[in-house]
Amino acid sequence: MVVAALVVGALFWAGVLGSDRLDRTALQAGVNQVLTQDYGLQVGAIACPEDVEVSAGTQFTCQAVVDGEQVEVPVVVTSDQGDYQVGRV
């Protein structure tokens, strides 16, 4: 479900849980896909926050094991429809 690829990250659409929160499972799968397919990284476990508001400009981080190291993955919600951008780690 990739919307577009950007230089600084990739945009994704995550299922919206209810009307104002991102679906955590879809979000984690999307972050994993961007890190592995778009950035070519080896990704282990990913943990994103449970209660991310669907509102353009919302910023948060997911915790991930990337290439064997624990890292923070920056994410920003880019639209009120649930699109988001995953930054490079």
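Number of residues in the range 45-75 that are assigned to a strand (DSSP E or B) and open to solvent by 40 Å² or more (accessible area, probe 1.4 Å) equals 11. Figure legend. Inter-residue proximity from the range 68-83: first residues without any contact (Cβ under 8 Å) to a residue 24 or more places away in the chain, second residues surrounded by 17 or more Cβ atoms within 10 Å (Cβ to Cβ) and hydrophobic (A, V, I, L, M, F, W, C), beta-carbon distance below 7 Å, spacing 6+ or different chains. Indicated pairs: V71/A64; V71/V89.
Residues of the range 19-36 that are in a helix (DSSP H, G or I), open to solvent by 50 Å² or more (accessible area, probe 1.4 Å) and in contact (Cβ under 8 Å) with a residue 12 or more places away in the chain: R24, N32, Q33.
Would the range 78-86 turn up any residue that is over 13 Å from the mean Cα position of the chain (by Cα) and either crowded, with 18+ Cβ neighbours inside 10 Å or among the charged types (D, E, K, R) (or both)? Yes, the range 78-86 has at least one match.
The values are calculated or read from the model by the stated rules, or taken from the named source; none is laboratory data. From a predicted model like this one, the values you see are computed outputs, not experimental measurements. Backbone-built Cβ (ideal geometry, glycine too); neighbour counts: all protein chains shown. Areas reflect the complete protein model, heavy atoms only, side chains present, ligands, DNA and RNA absent. Shrake-Rupley method; radii C 1.70, N 1.55, O 1.52, S 1.80 Å.
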